[in-house]
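A.B. asks: Let me give you the structure first, and then I'll get to my questions.
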Amino acid sequence: MFHPPSLADFFPPAIWFEGTPFEINRIILVRLIAVVALMLIFIIGARRAKLVPGRFQSILEMGLDFCRNSIAYEILGEKDGKKYVPIITTIFFAVFFFNITGVIPFLNIAGTSVIGLPIIFALWVYFLYLWQGVKKFGVGGYLKHSLFPPGVPWPIYILLTPVEALQVFLLRPATLVIRLLANMMAGHLLLALCFAATSFLFFEASGALKAFGAVTFVAGFAFFLLEVFVAALQAYVFSILTAVYLQMSISEEH
Amino acid sequence: MITAPLVAAAYSVAAAAEEEEVNPLLPHTYDIVWSLVIVVIIAVVFIKYALPKFQAVLDERTEKIEGGLQHAEAAQAEAAELRAEYEQQLADARTEAARIKEAARAEGGAIVTELKAKAAAEAARTVETAQRQIEAERQQAAVSLRNDVGALATELASKIVGESLEDSARQSRVVDRFLEELEANATATTSAGKEN
């Protein structure tokens, strides 16, 4: 029997608390495991952080350094960036850990492949950049700043302002959610499809068809590596967009 | 056909999607609730604990490195200062040595000059003494000579007057006699002087 992956994979049956707002199914469990792993790594890392770093600390610091220099400072500059380094770093590592569960054996599904988590992250970013913009320019100032970009002849605003409004208030958070969700869902479907096909071809197909199991296995292997890359890439994209939206909200000029 | 199972799989994915009534874009309440809980936990732990801790270590490291650099700079400056001081002392010592040498040379010169002057003075004094003695003796001789000459002249005159000089023969006889007497006198005086 061939078991193809389906959307049902993302809505497994409840394990505990069925029907309550605290229902726990397999995916919530995977997320909790990812959180525990992330917390353990960083709490132990922080507790053991020394002046002269060991190998474990060096790897963590490399990641932190990447978030600080290549994301926050790169986009926001050192002066503004400093304030947002903790948030951007947190978002990067959290998204990465929830993504990477998609390729970890026995977890096998990304924590971000169900829409709840991407929505929470996106809302965090959404309210963060709105709040920072309003804090800096005031409500009116921020609206004028982001909806009526300077240096444009006024008739253009008829076109530009609705587009900008759509951007700032809807498209930015929505694209954050959907980009991450779709990537992780597609990744899971691809991987599961390859491995389901491999399993089916090896054990249930007849004769020469078995050989094609090798093809799907290699494809699965390739997609596995691709998914590792995508997990990191999507974490990077999410956090760099956070920095970019913040920069757009608080910068003096567009 | 190799693609047959894949196509079949794709169909069944689509079929499964149709069978289920779920829309992956609509979140369930529990999904949102747990996501929120999870993100809040991560945010609090990261922002309140882990990242500041790492930042503190980083800052401390930066501080240590800067401190080390400053320390090294200070040590270098101190070394340079010591070196300058040492060189200054060396130069001073050299100057001092040269000065002492010069002073010694000058002093030696002075001593030589002084000794020369002393020797010259001594010599002058010796010469003067000698001259004085010679002068005294000369004066003494002159005095005694004058006395003798006076006595002789008186004697001679008395003899001339006594014998009445008539002719030159007599005259010369008188003179010759006088001279003979004089010589005899002188011999007597000499012998008397010798006896004395």
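A.B. asks: Applying 1/(1 + (r/R0)^6) with R0 = 41 Å to the Cβ-Cβ distance of B:V127 and B:T154, what FRET efficiency is obtained, to the nearest 0.05? Walk me through the numbers on the way to the answer.
C.D. replies: Values: r = 40 Å, r/R0 = 0.97.
Result of the calculation: an efficiency of 0.55.
A.B. asks: Further, regarding this structure: Based only on other Cβ atoms within 10 Å, what is the fewest-to-most ordering of A:E78, A:E23? Can you show the working numbers first?
C.D. replies: Numbers: A:E78 12, A:E23 19.
With the fewest neighbours first, A:E78, A:E23 line up as A:E78, A:E23.
A.B. asks: Just A:L159, A:L171, A:L32 to compare: in a GNM of chain A, with alpha carbon springs under 10 Å, which one fluctuates most?
C.D. replies: Greatest mean-square fluctuation among the candidates belongs to A:L159.
A.B. asks: In what sequence, highest mean first, do B:39-50, B:131-142 appear when ranked by Cβ atoms within 10 angstrom?
C.D. replies: Details: B:39-50: 17.3, B:131-142: 10.2.
Highest to lowest by the protection proxy: B:39-50, B:131-142.
A.B. asks: Just checking the output field for A:20-27: average partner chain Cβ neighbours within 10 Å of each residue's Cβ?
C.D. replies: On the way: counts 3, 7, 5, 6, 2, 4, 0, 2.
For this peptide, the per-residue mean of nearby foreign Cβ atoms is 4.
A.B. asks: May I pose another question? What net charge do the residues around A:P118 carry, taking every other residue with its C-beta under 14 Å from that of A:P118, with Lys and Arg at +1 and Asp and Glu at -1?
C.D. replies: On the way: positive: A:R31, A:R172, A:R179; negative: B:D31.
Around A:P118, the surrounding residues sum to +2.
A.B. asks: Excluding residues fewer than 8 places away in the same chain, name every one of the lysines whose C-alpha is closer than 17 Å to that of B:K64.
C.D. replies: Leaving aside lysines fewer than 8 places away in the same chain, those within reach of B:K64 are A:K50, B:K53.
A.B. asks: Lys and Arg at +1, Asp and Glu at -1: add these up for the other residues within a Cβ distance under 15 Å of B:W34 and post the number. Write out the running numbers ahead of the final one.
C.D. replies: On the way: positive: A:R26, A:R31; negative: A:E18, A:E23, B:D31.
Local charge sum for B:W34: -1.
A.B. asks: How many partner chain Cβ atoms sit within 10 Å of a residue's Cβ in peptide A:122-134, on average, as a whole number? Intermediate values should be presented prior to the final figure.
C.D. replies: Numbers: counts 0, 4, 4, 0, 0, 0, 0, 0, 0, 0, 0, 0, 0.
Neighbouring Cβ atoms belonging to other protein chains average 1 per residue here.
A.B. asks: Return the calculated 222 nm mean residue ellipticity for chain A, to the nearest 500 deg cm²/dmol, obtained by summing -39500 (n - 2.57) across DSSP H runs with n ≥ 4 and dividing by the residue count.
C.D. replies: Working: 7 runs with 177 residues, N = 254.
About -24500 deg cm²/dmol.
A.B. asks: What is the magnitude of the charge dipole of chain A about its Cα centre, with +1 placed on the Cβ of each Lys and Arg, -1 on the Cβ of each Asp and Glu, and no other charges, expressed in debye to the nearest 20? Walk me through the numbers before you get to the answer.
C.D. replies: Working: 16 positive and 13 negative charges, 122 e Å.
With Lys and Arg at +1 and Asp and Glu at -1, about 580 debye.
A.B. asks: Could you name the lysines in cross-link range of B:K101, using Cα to Cα under 28 Å and dropping any fewer than eight places away on the same chain?
C.D. replies: Within reach: B:K116, B:K118.
A.B. asks: Same structure, new question: Name the residues of region A:129-144 whose amide N is less than 20 Å from a point 7 angstrom out from the Cα of A:S251 along the C-beta direction?
C.D. replies: A:129-138, A:141-144
A.B. asks: Please report the net charge: other residues with Cβ closer than 12 Å to the Cβ of B:E85, K and R +1, D and E -1.
C.D. replies: Values: positive: B:R83; negative: B:E78, B:E81, B:E87, B:D92.
Neighbour charge sum, excluding B:E85 itself: -3.
A.B. asks: Assuming R0 = 60 Å, can you tell me the calculated FRET efficiency for the pair B:A75 and A:L159, based on Cβ-Cβ distance, to the nearest 0.05? If you can, show how the numbers build up before the last one.
C.D. replies: Working: r = 67 Å, r/R0 = 1.12.
Calculated value: 0.35.
A.B. asks: Still on this structure, please answer the following. Return one number: the angle in degrees, 0 to 90 and rounded to the nearest 10, between the long axis of the Cα atoms of helix A:156-166 and the longest principal axis of the Cα atoms of chain A.
C.D. replies: Around 50 degrees separate the two axes.
A.B. asks: Identify, among A:I87, A:I59, A:L180, the residue whose Cα sits farthest towards the positive end of the charge dipole of the protein assembly as shown, taking +1 on the Cβ of Lys and Arg and -1 on the Cβ of Asp and Glu, with the dipole about the Cα centre.
C.D. replies: Towards the positive end, the residue furthest out is A:L180.
A.B. asks: What size of dipole, in debye to the nearest 20, comes out for region B:27-141 about its Cα centre when the only charges are +1 on Lys and Arg C-beta atoms and -1 on Asp and Glu C-beta atoms? All intermediate terms of the calculation are to be shown ahead of the outcome.
C.D. replies: Values: 14 positive and 19 negative charges, 67 e Å.
The calculated dipole for region B:27-141 is roughly 320 debye.
A.B. asks: Once Lys and Arg get +1 and Asp and Glu get -1 on their Cβ, which of A:L29, A:V103, B:A74 lies farthest toward the positive end of the dipole of the protein assembly as shown?
C.D. replies: Going by the charge dipole, the pick is A:L29.
A.B. asks: Running a GNM on chain A with Cα contacts under 10 Å, which residue among A:P153, A:P13, A:P86 ends up with the highest mean-square fluctuation?
C.D. replies: Checking each option, the largest mean-square fluctuation is seen for A:P153.
A.B. asks: Could I ask something else about it? Give the order of B:H71, A:H188, B:H28, A:H3 when sorted by the count of other beta carbons within 10 angstrom, beginning with the fewest.
C.D. replies: Values: B:H71 10, A:H188 20, B:H28 16, A:H3 13.
Lowest count first: B:H71, A:H3, B:H28, A:H188.
A.B. asks: If you put +1 on each Lys and Arg Cβ and -1 on each Asp and Glu Cβ, how big is the dipole of region A:37-131 around its Cα centre, in Debye rounded to 20? Each step should come with its number before you reach the end.
C.D. replies: Values: 8 positive and 5 negative charges, 70 e Å.
So the magnitude is around 340 debye.
A.B. asks: Of A:R172, A:R26, A:R48, which is the most mobile in a GNM of chain A whose springs link Cα atoms less than 10 angstrom apart?
C.D. replies: Result: A:R48 has the largest fluctuation of those listed.
A.B. asks: Over 19 Å between Cα atoms: which of A:K136/B:K48; A:K83/A:K144; A:K82/A:K135; A:K79/A:K135 fall into that group?
C.D. replies: Numbers: A:K136/B:K48 24 Å; A:K83/A:K144 24 Å; A:K82/A:K135 17 Å; A:K79/A:K135 17 Å.
Over 19 Å apart, Cα to Cα: A:K136/B:K48; A:K83/A:K144.
Just so you know, all these numbers are worked out from the coordinates, no wet-lab data involved. Since we're looking at a predicted model, the values are computed, not measured. Because the Cβ atoms are built from the backbone with ideal geometry, glycine has one as well, and the counts that use them run over all protein chains shown.
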